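Have a look at the structure below before the remarks.
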Amino acid sequence: MEDNAPLDREDAQLIEVRTAAIPHVVPTLRTIVADIAMRQDFDLDAVEDLRMAVDEACSMLLPSAADGKLTCVFSWIEGRIEVTVSVVADTPEHADDTGLSWQLLTALATSARRTVTPADGRYLSRVQLVRESEVARP
């Protein structure tokens, strides 16, 4: 099965969380991203945006988790945080990328991408988002 692809720089920091695909774990994932953002000196608005973006990404993927598992990878370096949330799904279909959840997610992140790839007779459904600090932007 294909792994998540976080920042590929050797000096990037990384946390990977594998958990049950249940709504009760989302607050923990939100707390992790907020802690990372605060330690990277993101402003309070960006911290809250990241919390909400992780919440939206998880909400989009939880219903399609065929094996009951969710993986969330957080990677960061100098004013840039990347979050990849993924589940294994039975079908390649996913929520409409023009829906309200996707619009909210793309408004909260610097960039966001949704991919579905075949994996061992199922599909790896993934949401990748990036948030850059205002200070880090040119």
Modelled with pLDDT of 95 or more and under 25 Å from residue 123 (Cβ atoms), is that true of residue 47?
no
Would you please name the residue that is farthest from the chain's Cα centre (by Cα), looking only at residues in the stretch 85-131 that are of a type in the set (Val, Ile, Thr) and more than 17 Å from residue 75 (Cβ to Cβ)?
91
Failed item, numbered, when residue 57 is tested on (1) without any contact (Cβ under 8 Å) to a residue 24 or more places away in the chain; (2) in a helix (DSSP H, G or I):
(1)
Selection status of residue 115, without any contact (Cβ under 8 Å) to a residue 60 or more places away in the chain, open to solvent by 70 Å² or more (accessible area, probe 1.4 Å) and hydroxyl-bearing (Ser, Thr, Tyr):
no
Tell me, yes or no, whether the stretch 61-70 has at least one residue that is buried (at least 22 other Cβ atoms within 10 Å of the Cβ) and part of a strand (DSSP E or B).
yes
Do the conditions hold for residue 38, that is, is it at pLDDT 95 or above, among the hydrophobic types (A, V, I, L, M, F, W, C) and over 15 Å from the mean Cα position of the chain (by Cα)?
yes
Do you know which residues across the stretch 121-135 are open to solvent by 60 Å² or more (accessible area, probe 1.4 Å) and in contact with a strand residue (DSSP E or B) (Cβ under 6 Å, 6 or more places away or on another chain)?
122, 123
Tell me yes or no: at least one residue of the stretch 99-109 is surrounded by 15 or more Cβ atoms within 10 Å (Cβ to Cβ), under 16 Å from residue 128 (Cβ atoms) and in contact with a Leu (Cβ under 6 Å, 6 or more places away or on another chain).
yes
Considering only the stretch 85-107, state which residues are under 14 Å from residue 52 (Cα atoms) and at pLDDT 95 or above.
85
Pair list, Cβ under 8 Å, 6 or more apart: the stretch 79-93 residue crowded, with 18+ Cβ neighbours inside 10 Å, other residue in a loop (DSSP other than H, G, I, E, B) and of a type in the set (D, E, K, R):
87/67; 88/67
Might you let me know whether the stretch 17-38 holds any residue that is among the aliphatic types (A, V, I, L, M), in a loop (DSSP other than H, G, I, E, B) and surrounded by fewer than 19 Cβ atoms within 10 Å (Cβ to Cβ)?
yes
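The values are calculated or read from the model by the stated rules, or taken from the named source; none is laboratory data. Computed from a predicted model, the values in this text were never measured in an experiment. Don't worry about glycine lacking a Cβ; one is built from the backbone with ideal geometry, like all the others, and counts go over all protein chains shown. Surface areas here come from the heavy atoms of the whole protein model, side chains and all, with no ligands, DNA or RNA. Shrake-Rupley method; radii C 1.70, N 1.55, O 1.52, S 1.80 Å.
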